[in-house]
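Worksheet: one structure, shown below.
The values are calculated or read from the model by the stated rules, or taken from the named source; none is laboratory data. Predicted model, so just to flag it, every value in this text is computed and none were measured. When we count neighbours, we look across all protein chains shown, and the Cβ atoms used for this are built from the backbone with ideal geometry, even at glycine. For the accessible areas, the whole protein counts, side chains as well, though only heavy atoms, and no ligand, DNA or RNA atoms are used. Shrake-Rupley method; radii C 1.70, N 1.55, O 1.52, S 1.80 Å.
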Amino acid sequence: VRIDRVGHRVVLDSEKALHYTHLVLATGTRPRPLRVPGAHLDNVLPLRTLTDAKAIRERLQTARSVVV
């Protein structure tokens, strides 16, 4: 329902508040294919779904470098 930027909270319609450290507002769009050399490699991952986010988090445990 609202974002409390000072308190670092997102308030839901149930009035439950969720604390955040960093907040990203992603309003949605169609994913575009990555057209760069190496985009087909196993360690190049999309971020569109919760499943994608979990896969990225798992790989971050052993990552030596990251590019966003």
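Observations on the structure shown:
- Members of the range 25-64 that are open to solvent by 100 Å² or more (accessible area, probe 1.4 Å) and modelled with pLDDT under 90: L25, T27, T29, R30, R32, L34, D42, N43, L47, R48
- A Cβ distance below 9 Å, combined with a sequence gap of six or more or placement on separate chains, defines the contacts here; from the range 6-20, residues that are free of Cβ contacts under 8 Å to residues at least 40 places away in the same chain and of a type in the set (D, E, K, R) reach residues that are outside any strand (DSSP E or B) and surrounded by 11 or more Cβ atoms within 10 Å (Cβ to Cβ) in the pairs R9/Y20.
- If you check A39, A53 for being free of Cβ contacts under 8 Å to residues at least 12 places away in the same chain and within 16 Å of the chain's Cα centre (by Cα), only one passes: A53.
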